[in-house]
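Report on the following structure.
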Amino acid sequence: MTSVTVCARFRPLSSREKRDHGDSVCIRSLDNESFVFKDVKEGDLMFCFDRVFYQHSSQDDVYQFLALPIVRDAINAINGTIITYGQTGAGKTYSMEGPSMSESDGQKKGILPRVVNGLFDCIKSANDGSKYIVKLSMAEIYMEKVRDLFDLSKDNLQIKEGKTRGIFLSGATEVGVANRAVGETQMNMASSRSHCVYIFSVLQESTNDGRVKTGKLVLVDLAGSEKVEKTCAEGRVLEEAKTINKSLSALGNVINALTNGKMNHIPYRDSKLTRILQDALGGNSRTAVLCCCSPSSLNASESLSTLRFGARAKHVRTSPRVSSNEDKGEVKLVTHCQTKKSESRDRLLDQVCKEMARYCPHCRMQLGIYISLEPFTCELRASLNIEEVKLLEELFVMEGIIFDPCMAEDFESAYEDVTSRTISALHQTVEELLTTIETLKKENLDLKVKVAASEKFHSYFNAAESFCYSATILGFLWFFSSWIWSIFGPDATRKRLL
């Protein structure tokens, strides 16, 4: 087991803070790991973290210490999570994204764009003979609903859990940051009104034994905690603030439960945020938390609350381990798909080469695979025609896979990508079927109980019906015998003689 890595970062003073309180700050640096926090009520308090980034620290300093080790682990199929936490306007989104997602200044780039570059740099430097596929999904938790930021029609994604995948968002697609909900408050002109979640999946396939390993890297830019009297929020923004504070409170409750040592139940399901972070908090993940704070005495109480959260999170223990497809059914499925892929890869590439040569005389030379695949030409032409190739290319376009049809590597990569997506879709379908089976089992059990109760009632009804039938027969016999007696009995005979 390992502890959560916790760092504190203090941004420079804002123009408003300088205007209202001058250059007064509430921290005194001791070294790169500790500082003294000056609080009006509680006096001087000392905090120690894994690393403290002061006002002069660069974006690269934060990435190199906090994120790069987790990026390297993700390439090696070890899950990782990086969380930015703090007050509204404390620098969380700046630390995560930089000034903007399209910021061209390399010095100001945040953790997210550096993670993207870092993932591919690590893949390029890996000499293990493996193939890698990197995928990105992004969603936001807004008003306790998980919304896909690429497809806004998916405004209520379901959070599910699998044996090998852990916690995942069912149906999430590739997304962009432009759709994230923001709103203006007195603390921040573009305050994030939602928790934003970036999920990188790194699929690693060994070319030696075909073994598949998957690493997941989750970046979470939390919405800022707010005091209504400072943000002056009202109307819908006020309702958003209440929901944000409620989910952050649930996160604090999970941290307390994990570090208390006395609670058997961890309330992960109290909010969508804590459910998504279940692997990161006490589960299979290497986790880092960046506590973003204002150094101004104007925000001392909020900064102190953030630092105390970080101090508690430091005591959380996680169990990161290599995530491999050990499930027998999953291994069998992956192996089957790999076999089919290896059988058809050369066939597809050569046939595409031949068909494209009709339109481009130099395609075959550019592809550079004519000689090695020439023996299969007749068989391939008989099994794959130009219409099938076009259908395959259309499938790539529908799946959002960009490739150069004149490059064998691009076409092969696109084919592998769509195969991997098919495997993922099958995994999801299997999990949904298992859930459906469990539901049907429960319904079947309930139905059996109802049938048993119905049969019991039916037996009672049959007994009652038999009793009524017997009583009716006896009554009729009694009535008939009384009538006979009244006609032929002694009294009736005496009356007729008189």
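The values are calculated or read from the model by the stated rules, or taken from the named source; none is laboratory data. What you are looking at is a predicted structure, and each value in this text was computed from that prediction instead of being measured. Positions of Cβ are backbone-derived with ideal geometry, glycine not excepted, and every protein chain shown enters the neighbour counts. Only protein heavy atoms, including side chains, enter the accessible area calculation; ligands, DNA and RNA are left aside. Shrake-Rupley method; radii C 1.70, N 1.55, O 1.52, S 1.80 Å.
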Handout entry: Residues that are open to solvent by 80 Å² or more (accessible area, probe 1.4 Å) and among the basic types (K, R), drawn from segment 38-62
Key = K38, K41
Completion exercise
Contact list, first residue from segment 442-466 and surrounded by 10 or more Cβ atoms within 10 Å (Cβ to Cβ), second anywhere and outside any helix (DSSP H, G or I), beta-carbon distance below 6 Å, six or more apart or interchain, is none
Fill in the blank from the handout: Only unsatisfied item for F35, checking (1) surrounded by fewer than 13 Cβ atoms within 10 Å (Cβ to Cβ); (2) modelled with pLDDT of 95 or more, is (1)
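Among the candidates T287, T335, T339, T306, which residue alone is polar (S, T, N, Q), part of a helix (DSSP H, G or I) and at pLDDT 90 or above? First the steps, then the outcome.
On the way: T287 fails: part of a helix (DSSP H, G or I); T335 fails: at pLDDT 90 or above; T339 fails: at pLDDT 90 or above.
One residue alone meets the criteria, T306.
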Problem - strands (runs of 3 or more DSSP E) lying entirely in segment 1-107 (those with 3 or more residues that are within 19 Å of V220 (Cα to Cα)) - result: 5-10, 80-86
Handout entry: Lone unmet requirement of (1) open to solvent by 30 Å² or more (accessible area, probe 1.4 Å); (2) of a type outside the set (G, A, S); (3) in contact (Cβ under 8 Å) with a residue 40 or more places away in the chain for D121
Key = (3)
Completion exercise
Sole miss for V146 among (1) at pLDDT 90 or above; (2) open to solvent by less than 50 Å² (accessible area, probe 1.4 Å); (3) more than 11 Å from the chain's Cα centre (by Cα) is condition (3)
